[in-house]
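Visitor: One structure, pasted below without further comment.
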Amino acid sequence: MARALITGIGGQDGSYLAELLVAKHYEVVGLVRRDPDEDIPTLREVEDRVELVRGDLLDPASLRRAIADVRPDELYHLAAPTFVPASWEDPTSTMAAIAGATSTLLAAVLEIDRSIKVHVATSSEIFGDAGESPQNEHSPCRPRAPYGVAKLAAHGMVRVMRAHHGLFACSGITFNHESARRPDHFLPRKVTRGAAAIKLGQADALELGSMDAVRDWCHARDVVRGAWMALQHDEPGDYVFASGIGRTVEDLVTTAFNVVGLDWRDHVTVNPAFVRAPEATPPVGDPTRAREVLGWEAETSFEEMIREMVEADLAETAQYMAGSE
Ligand SMILES: C[C@H]1O[C@H](OP(=O)(O)OP(=O)(O)OC[C@H]2O[C@@H](n3cnc4c(=O)[nH]c(N)nc43)[C@H](O)[C@@H]2O)[C@@H](O)[C@@H](O)C1=O
């Protein structure tokens, strides 16, 4: 039985990956920052089938210990701070938690067991003002925020540890990926939750930022399947995981409000507090390499994903309303 260690198992991506690996009969161990005995709602489907160990991205010894104790065949490094604007508030700990932790894990693999296959979740934020769109694995990288700089350092560490030491290490350059497990400070969940609340009379307005910003959204389930596929290939490599389609915030809002049969124009207002500096290069991914080398493609369409999220939020809001009656 293959054994996998997932950092960030309690997050959106970690929980979907845990479900995938459990279904494939892996022994799954997850690294969590909090008390492993605490309830982690995202892991309800697999809680009896995964083991949790404690570790903190800012505590290198805890990361090394996890590798040494678990001795996984495959390491999926997904844990990281993820909200891009927050990286401006504390660039130093952003670098430590993303670039520092990735270096620590790769060095630990080298020292403890260099046969461990490693997948590191990086990000489309490494491209920033790339000057070309869509972006592929060879596009220029000019990140625009400390988060992207830190992810680019992590991506670079994967590449040099692979080239210099021959580690089986892969960087998954993931564009935006979503689900009903996404926290609602990210746009898609904020919109689907807002549309559900408005539909059920729990709110009447939704404040957003830039309506014309472009993103390439796909489902988190698809992205984590790509991570697994990368580690099953004969050779390690880097892959863009994306739908390949750019959509605006307005497209997303329209799709979500259509699910509940409302016109977003009656409810959405722009709050400058949520507006970010416009991007010169639209972040849209070119997943050709993942498709040609791994046979990967996004299976859930954008519309299906948004519908799934809105329906989950309608159910959750209705449950909350029933509980507070
Ligand atoms: C690939 C990358 O993907 C994610 O980062 P993100 O793209 O910053 O995600 P988001 O959902 O916060 O913003 C998406 C877009 O939506 C615009 N937008 C408009 N109005 C609101 C608004 O009200 N809230 C938010 N959050 N965004 C808004 C906002 O300006 C931006 O253009 C993370 O997973 C990150 O970890 C990662 O790696």
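Visitor: Report the Cα-based extents of the chain along its three principal axes, largest first, to the nearest Å.
Guide: On the principal axes, the chain reaches 59, 48, 38 Å in Cα extent.
Visitor: Return a whole-number percent for the relative contact order of segment 180-324, with Cα pairs under 8 Å and 6 or more residues apart as the contact set.
Guide: On the way: 198 pairs, mean separation 56.0, N = 145.
Result for segment 180-324 is 39 percent.
Visitor: Could you list 190, 24, 117 so that the one with the fewest beta carbons within 10 Å of its beta carbon is first and the one with the most is last? Each step should come with its number before you reach the end.
Guide: On the way: 190 18, 24 13, 117 21.
In increasing order of surrounding Cβ atoms, one gets 24, 190, 117.
Visitor: Follow-up. Which whole-angstrom value gives the distance between the alpha carbon centres of segment 67-123 and segment 185-229?
Guide: 26
Visitor: I've got another one for you. When N is the residue count of segment 1-93, what does its C-alpha Rg come to as a fraction of 2.2 N^0.38 Å?
Guide: Working: Rg = 13.4 Å, N = 93, 2.2 N^0.38 = 12.3 Å.
In units of the globular-protein estimate, segment 1-93 measures up at 1.09.
Visitor: For every other residue with a beta carbon closer than 15 angstrom to the beta carbon of residue 273, add +1 if it is Lys or Arg and -1 if Asp or Glu, then tell me the sum.
Guide: Details: positive: 190, 276; negative: 89, 207.
Net charge in that neighbourhood comes out at 0.
Visitor: Okay, moving on. For the chain, take the longest principal axis of its alpha carbons; what is the angle in degrees between that and the long axis of helix 101-112, to the nearest 10 within 0 to 90?
Guide: Taking the Cα atoms of the chain, the angle to 101-112 is about 30 degrees.
Visitor: In a shell of Cβ-Cβ distance under 9 Å around residue 21, excluding residue 21 itself, what net charge do Lys and Arg (+1) and Asp and Glu (-1) give?
Guide: -2
Visitor: Next question, about the same structure. For residue 24, go through the lysines and keep the ones whose alpha-carbon is under 19 Å away, minus same-chain ones fewer than eight residues off.
Guide: Candidates past the 8-residue exclusion: 117.
Visitor: Which percentage, to the nearest 5, of the DSSP beta bridges contained in the chain is antiparallel?
Guide: That works out to approximately 5 percent antiparallel.
Visitor: Could you rank the peptides 71-81, 124-134, 271-281 by their average count of other C-beta atoms within 10 Å per residue, with the highest value first? Please list the in-between numbers first.
Guide: Values: 71-81: 23.3, 124-134: 20.5, 271-281: 11.7.
The densest-packed peptide leads the list: 71-81, 124-134, 271-281.
Visitor: Taking the radius of gyration and the Kirkwood hydrodynamic radius from Cα positions alone, what is the Rg/Rh ratio for segment 224-325, to two decimal places? Numbers along the way, then the final one.
Guide: On the way: Rg = 18.4 Å, Rh = 17.0 Å.
With Rg and the Kirkwood Rh in hand, the quotient comes to 1.09.
Visitor: Based on Cα coordinates alone, diagonalise the gyration tensor for segment 182-258, multiply each eigenvalue by 5, take square roots, and list the semi-axes in whole Å, largest first. Please list the in-between numbers first.
Guide: Numbers: eigenvalues 206, 39, 16 Å².
Semi-axes from the Cα gyration tensor: 32, 14, 9 Å.
Visitor: Then there is this: Near residue 190, which lysines are there with a Cα under 16 Å away, not counting those fewer than 8 places off in the same chain?
Guide: 199
Visitor: Hey, another quick one. Given that compact globular proteins tend to follow 2.2 N^0.38 Å, what is the ratio of the alpha-carbon Rg of segment 108-220 to that value?
Guide: My calculation over the Cα atoms of segment 108-220 gives 1.38.
Visitor: Taking K and R as +1 and D and E as -1, what net charge do the other residues with C-beta under 15 Å from the C-beta of residue 145 add up to?
Guide: Value of the local net charge: 0.
Visitor: With an 8 Å Cα cut-off and a minimum separation of 6 or more residues, compute the relative contact order for the chain in percent. Don't jump to the answer; show the numbers that get you there.
Guide: Working: 646 pairs, mean separation 55.2, N = 325.
The value is 17 percent.
Visitor: If you don't mind, there's one more thing I want to ask. Of 60, 172, 15, which is farthest on the positive side of the dipole of the chain, counting Cα position, with +1 on Lys and Arg Cβ, -1 on Asp and Glu Cβ, and the Cα centre as origin?
Guide: Of the candidates, 60 comes out farthest on the positive side.
Visitor: So, one more: For helix 302-323, report the angle its Cα long axis makes with the longest principal axis of the Cα atoms of the chain; keep it between 0 and 90° and round to the nearest 10°.
Guide: 70
Visitor: Once you keep just the Cα pairs under 8 angstrom separated by 6 or more residues, what percentage relative contact order results for segment 14-126?
Guide: Details: 114 pairs, mean separation 28.7, N = 113.
Rounded, it is 25 percent for segment 14-126.
Visitor: Send over the semi-axes of segment 128-180's equivalent ellipsoid, whole angstrom and largest first, taken as the square roots of 5 times the C-alpha gyration tensor eigenvalues.
Guide: Numbers: eigenvalues 89, 44, 27 Å².
Gyration-tensor ellipsoid for segment 128-180: 21, 15, 12 Å.
Read-outs throughout are calculated quantities, based only on the coordinates presented, and are distinct from any laboratory measurement. Quick caveat: nothing in here was measured; it's all calculated off a predicted structure. Note that we place each Cβ from the backbone using ideal geometry, even for glycine, and neighbour counts take in every protein chain shown.
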